[in-house]
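The values are calculated or read from the model by the stated rules, or taken from the named source; none is laboratory data. Everything numeric in this text was worked out from a predicted model, so none of it was measured. Cβ sites come from the backbone with ideal geometry, for glycine too, and all protein chains shown count toward neighbours.
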């Protein structure tokens, strides 16, 4: 690989921010239902930033590696952003669920009980983090690979050598 670990940290952070923040926002996160849009985009952003920082074209392996790192960083960013969002939106969500359960007369009691006994915040966060870690690692690697293909700089032409001076 033509890059060092130090040169991958900033692109991975930018890509991870894209993955984590967009995946944690309540309505915007629905974009991940479309082929993990934000996760793949985060990997592509990481490859783009990596390419912009280098004068030579990045390899496919560089793009995949920085995409993988962006997915891992994105899982941690997701966790940090999602906790306060759930703390604020949690009571609103519980109230909406209570109203839905009041309106649903034909719902079987087992389903009603399952919906009313929501798992704790910690369990949901842990499951979401592990899910983002695995899905992020896979799909952001794919995004980094795609980014390396799409954003790759053209190979510079070989340096022209001066021909030998004509004999005098």
Quiz item: Of the conditions (1) surrounded by 15 or more Cβ atoms within 10 Å (Cβ to Cβ); (2) within 20 Å of residue 29 (Cα to Cα); (3) out of contact with any helix residue (DSSP H, G or I) (no Cβ under 6 Å at 6 or more places or on another chain), residue 88 fails just one. Which one is it?
Solution: (1)
Quiz prompt | Which numbered condition residue 157 fails, given (1) buried (at least 17 other Cβ atoms within 10 Å of the Cβ); (2) modelled with pLDDT under 95 | solution = (1)
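Condition test on residue 5, is it over 14 Å from the mean Cα position of the chain (by Cα), at pLDDT below 95 and under 20 Å from residue 142 (Cα atoms)?
Values: over 14 Å from the mean Cα position of the chain (by Cα): yes; at pLDDT below 95: yes; under 20 Å from residue 142 (Cα atoms): yes.
The answer is yes for residue 5.
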Exercise. Evaluate region 17-25: report whether one residue or more is more than 11 Å from residue 144 (Cβ to Cβ), surrounded by fewer than 24 Cβ atoms within 10 Å (Cβ to Cβ) and at pLDDT below 95.
Key: yes
Quiz item: Got a number for residues in region 42-67 being surrounded by fewer than 24 Cβ atoms within 10 Å (Cβ to Cβ) and over 26 Å from residue 157 (Cα atoms)?
Solution: 0
Quiz item: Looking at region 19-41, which of its residues are touching a helix residue (DSSP H, G or I) at 6+ places or on another chain (Cβ under 8 Å), free of Cβ contacts under 8 Å to residues at least 60 places away in the same chain and within 19 Å of residue 86 (Cα to Cα)?
Solution: 22, 28, 29, 31, 32
Quiz prompt | Pairs where the first residue, in region 85-112, is without any contact (Cβ under 8 Å) to a residue 24 or more places away in the chain and the second is surrounded by fewer than 12 Cβ atoms within 10 Å (Cβ to Cβ) and assigned to a helix (DSSP H, G or I), C-beta under 7 Å, 6+ apart | solution = 101/116
